[in-house]
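Okay, structure first, notes after.
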There are 2 protein chains.
Amino acid sequence: MTYFDTKLEDVKILEKNDYPKKGHTETILRDNLDELIKELDIKDGASISFHHHLRNGDNVLVPVMKAIAATGVKDITLVASSIFPSMAEIVDLLEDGTITNIITSYISGPVGEAVSHGKLKGRIIMQSHGGRARAIMNGEVEIDYAFIAAPSCDEHGNISGTNGINSCGAIGYAYSDAQKGKTTIAVTDYLAPYPNYPIDIAGEYIDYVLKVDSIGEKSGIVSGTTMITKDPVGLKIAADTLQAMIATGLVKDGLSFQTGAGGISLAVADNLKTYMIENNIKGSFASGGITGYLVDMLEEGLFEALFDVQCFDLKAVESIGKNRNHLKMSGSMYGNPEVSNVVDNLDIVILGATEIDTDFNVNVTTGSHGMLMGGSGGHQDTAFGAKVSIIVSKLFSSRIPFIKDRVDVITTPGNTVDILVTERGICINPLRSDLIEKFDALKVPHITIEELKKIAEDAMGKPKNIEKTDRIVGLSQSRTGDILDYIYEVK
Amino acid sequence: MTYFDTKLEDVKILEKNDYPKKGHTETILRDNLDELIKELDIKDGASISFHHHLRNGDNVLVPVMKAIAATGVKDITLVASSIFPSMAEIVDLLEDGTITNIITSYISGPVGEAVSHGKLKGRIIMQSHGGRARAIMNGEVEIDYAFIAAPSCDEHGNISGTNGINSCGAIGYAYSDAQKGKTTIAVTDYLAPYPNYPIDIAGEYIDYVLKVDSIGEKSGIVSGTTMITKDPVGLKIAADTLQAMIATGLVKDGLSFQTGAGGISLAVADNLKTYMIENNIKGSFASGGITGYLVDMLEEGLFEALFDVQCFDLKAVESIGKNRNHLKMSGSMYGNPEVSNVVDNLDIVILGATEIDTDFNVNVTTGSHGMLMGGSGGHQDTAFGAKVSIIVSKLFSSRIPFIKDRVDVITTPGNTVDILVTERGICINPLRSDLIEKFDALKVPHITIEELKKIAEDAMGKPKNIEKTDRIVGLSQSRTGDILDYIYEVK
């Protein structure tokens, strides 16, 4: 350290006239987006980050990026934790060269289609939520400007997701951006009295507070299915999934559990709830994006605590404001593989899949025809961390084949995917001979994934290969930083 | 960013056999200090940090440093946020060359005396609390190993100051060490069930959890005077201080306030409380090390919130566990001059002093005979940040002269010290002509500091210069990183 390099006698003592002047720092509060963008003096090639806690209701990413584009800045790397259909206007900024590269964990809608159609001049890097946190926290991804949608913020930068017109609860994915962004801007439509609390991100990490009319619409948090399925096929899968969970031996006191917000996943949670009540089982924690179903389980004492990185519905938002054991966590704490994280403590995770292959690799990044319409989110992280990862899916849900020889894009490596539950049978990854033994001992039927694939192909025919060009438009990244797969342009 | 340097076609895709293996990270839990120290393989010249929230009751710093010394490692830089009399055994480690340099914000007792007597081979750097946070957060001070006394911690590193046998409430000075320490060790005597909450420092920042029998004794938090003075002279000073505060025009709705835990400072808080109740004044916040007196004011609705960086008594510890508006803050949030911080929002701070000079420079670093027996703590930070800083002190408290031509060591530069209140008169810094006008308008009497100095000297005689050698043993640092003064060896 430089403190010890100079001889003490040679250390210069500050002259009285040079003492730092007493007085208050200038205000960091701004009220005009365009003027702030000018003040920031963003250069070509800068990286700009956003978090996605308002999901499809976000109205920060698009206005900020349009304001930046209006200054003529080019060659931006957009580091957005997720990109939703409501952000369609970004397509223009890919085409005019404002945005050259994208790093994200989820992309759906027009922007994803535009990228798949080769409209991005650079490339897209698809990360997991934990991989994003890892890369930002360790400096692999540098953020020049972090714009943080803040449901509430005081004039000194203390952000709370709990207060405000658009309170969205947990804002876990924004922590890394606030801590590591070289310049950080809280964008808020609710300027709270100082001090704003509970403090999620402290003012010490915020350089500017921008007051705007609206950061979006919190009802947009609830996107996709966040209701228990009523479809009998889905309900059968959910019932079989509970049996599979029980067969693993992990459904007992101390259970830790994560499930998504899809209709079948929520039905699994509902079945689990009943089973835990009937068998007087008290779990340790549930984690992830949190829904009201998990809040109910918390409030009924079925879990000691919830670890919440983002609220998936407004009941979760309400709970995080009042339940002491509904804990907020950062994206890094959730799934950063380089630190002590929550996914490593999971017993069971229930996940969806767009496709799976005979190596148990899962694709949730691209959909039919290879179009970008998703991404890992926490898929890869939880599959890796959980003692048992279970994919739940209908075998026959559309004309699109579900089991393939090789998925279009590897989102989650097959060595971390343990069980597949469909309406036509349960498959166990052969790597998990321990699980196969347990299922056999309990006489829970299962078949090989090759057998299940044959059942599907006998009914639907062999899947055709997706037609793609030779041009690579992006990469699917492992949470550890390695590259798992190419993403190709779609014809 | 390296993500965009390689041609897409040349990006290497991870082979199936090289996929990160599913499975759980090894435990970070350890139960033997000596074995952990061996495992850490600490090298000569390393920097080792500690926080001081258990104050004189801490039993982490000494055992850890003795265990390190036992391995034969030399030339350590000890980065301890404060050093208390109970840490006397450290003196041996200065003498045998285990510890070469010290960076701290407060030092009293045998270790301070040993440093003043030249027993440190290198030097001591005396920082303010905010200056420490600044230097750690911006990388100026590098921490190789941070040992964090954790009142409670789970096996995955989630630390809470609220729980445990030795719950000490806020642990604000440990945040920077946890975030920036290259290797971080939570040392706890209360291994909480996972997840431990409320989480103060998340497991993502912790590399090891060391379970020990005892981290100390929380009754040691209460050190020095934390009772309202009963001395009539002290009470007169406190009454006059309230009048001075009122004269500044700042005692009104929205008041923000900080005071220390000394007997006169607490009497000021007590007077202020009565005045606020009588005049129906509702303040914004009180900050700092928090005592039960401020908790009472919070609970009576006299302040919207408390910002607590460390609890000074057990009533504060109890409050922080139950009052939602008793907010925890990091040392950086408290006083780091490079970020949006709390001291910059202070209206009035009440501070003590060992000596003051006619330039209003304050010394709280050395005592009689120039011996190290204190340090800035938050003194410099709050004097700088507050609109008005008020020093309260008896003019005649011992045979030691209080007002000098030049203080022995400049802890807090005079340009940030605004008012001095003694039993023999109030002095206003001539730099604050605005305050002089206000006092004159309200006919609040005040005299010049030269006049007050003469009163003291007429009674006690002119102070003798402290006898020191020519050897410099350390430096008093400005919170901004500049050096304010030398600290000399004492004969």
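Assorted remarks:
- Residue pairs, from the table A:Lys182/B:Lys16; A:Lys282/B:Lys16; A:Lys322/B:Lys328; A:Lys121/A:Lys182; A:Lys180/A:Lys328, whose Cα atoms sit over 27 Å apart: A:Lys182/B:Lys16; A:Lys282/B:Lys16
- Backbone N within region B:335-355 under 18 Å of label point (7 Å from B:Val233 Cα along the Cβ vector): B:352-355
- Cα-based Kirkwood hydrodynamic radius, region A:340-491, one decimal, Å: 15.9
- The Cβ shell under 11 Å around B:Ile165 holds other residues with a net charge of -2, Lys and Arg each +1, Asp and Glu each -1.
- In this structure the protein assembly as shown gives 35 Å² per residue of accessible area when probed at 1.4 Å with all protein chains present.
- Cross-link pairs beyond the 22 Å C-alpha cut-off, checked among B:Lys394/B:Lys464; B:Lys404/B:Lys468; A:Lys12/B:Lys468; A:Lys387/A:Lys462; A:Lys74/B:Lys7: A:Lys387/A:Lys462
- Crossing angle, helix B:449-460 versus chain B [Cα axis fit, 0-90 degrees, rounded to tens]: 80
- Interface residues, region A:330-344 - accessible area loss of 50 Å² or more versus chain alone, probe 1.4 Å: A:Met333, A:Ser340, A:Asp344
- Of interest is the spacing of the C-alpha centroids, which for region B:125-162 and region A:149-184 amounts to 23 Å.
- Pairs of Cα atoms nearer than 8 Å and 6+ residues apart set the relative contact order; for chain B it is 15 percent.
- Label spacing, shortest first and in nm, from B:Asp213 to its equivalents in the remaining copies (7 angstrom along Cα→Cβ): 6.9
- Anchor B:Lys22: aspartates and glutamates whose Cα lies under 12 Å away (excluding residues fewer than 8 positions away in-chain): A:Asp344, A:Asp381, A:Asp418
- Principal-axis tilt of helix A:61-70 within chain A, Cα atoms, nearest 10 degrees: 50
- Å³ per residue enclosed by the Cα convex hull of region A:1-94: 200
- Computed from point charges on the beta carbon alone (+1 for Lys and Arg, -1 for Asp and Glu), the dipole magnitude for region B:444-487 about its Cα centre is near 120 Debye.
- Interchain or long-range residues, amide H under 5 Å from B:Glu155's placed H: B:Tyr194
- For the protein assembly as shown, the equivalent ellipsoid derived from the alpha-carbon gyration tensor has semi-axes of 56, 29, 26 Å in decreasing order.
- Contact order, relative form, for region A:28-221: 26 percent (alpha carbon pairs under 8 Å, 6 or more residues apart, mean separation divided by residue count).
- Bridgeable aspartates and glutamates around A:Lys315 (alpha carbons under 17 Å apart, same-chain partners fewer than 8 residues away excluded): A:Glu217, A:Asp270, A:Asp296, A:Glu299, A:Glu300.
- Cα-only radius of gyration and Dmax that characterise region B:275-431, units Å: 16.6, 48
- Each principal axis of the Cα cloud of region B:427-473 was evaluated for its coordinate range; sorted largest first, these ranges are 48, 28, 10 Å.
- Local charge for A:Ile102 was computed over the other residues whose Cβ lies under 14 Å away, with Lys and Arg +1 and Asp and Glu -1, and equals +1.
- Computed over region A:28-221, the convex hull of the alpha-carbon atoms projects to a mean area of 9.2 nm².
- The distance from the alpha carbon centre of region B:6-74 to that of region B:353-429 is 42 Å, rounded to a whole number.
- Remark: accessible area buried at the B-A interface is about 7300 Å², both chains counted, probe radius 1.4 Å.
- In the frame of its principal axes, region A:222-270 has Cα extents of 32, 23, 11 Å, reported largest first.
- Between helix A:263-278 and chain A there is an angle of about 80 degrees, using the helix long axis and the longest principal axis of the Cα atoms.
- Distances from B:Tyr275 to itself in the other copies, using label points 7 Å out along the Cα-Cβ axis, amount to 6.6 nm in increasing order.
- Accessible surface of region B:28-221, 1.4 Å probe, proportion on carbon and sulfur as whole %: 46
- Taking every DSSP beta bridge that has both ends in region B:28-221, the antiparallel portion is near 10%.
- Summed over qualifying helices (DSSP H, 4 residues or more, each -39500 (n - 2.57)) and divided by its residue number, the protein assembly as shown shows a 222 nm mean residue ellipticity of -7500 deg cm²/dmol.
- Note that chain A carries a Kirkwood radius of 23.6 Å, evaluated over its alpha carbons pair by pair.
- Cut-off 14 Å between beta-carbons: net charge of the residues surrounding B:Asp44, Lys and Arg +1, Asp and Glu -1: -1
- Short-range pairs are left out: with C-alpha atoms under 8 Å and at least six residues apart, the relative contact order of region A:232-466 is 18 percent.
- For the rotational copy relationship between A and B, the axis lies nearest to a chain A beta carbon, identified with its distance in whole angstrom as A:Gln179, 4.
- Shown for A:Ile447: label points 7 Å from Cα along the beta-carbon vector, and their distances to the equivalent points in the other copies, 10.1 nm in ascending order.
The values are calculated or read from the model by the stated rules, or taken from the named source; none is laboratory data. Since the structure is predicted, the reported quantities are computational estimates derived from the model, not experimental observations. Cβ atoms come from the backbone with ideal geometry, glycine included; neighbour counts cover every protein chain shown. Quick note on the areas: whole protein, heavy atoms, side chains included, nothing else; ligands and nucleic acids left out. Shrake-Rupley method; radii C 1.70, N 1.55, O 1.52, S 1.80 Å.
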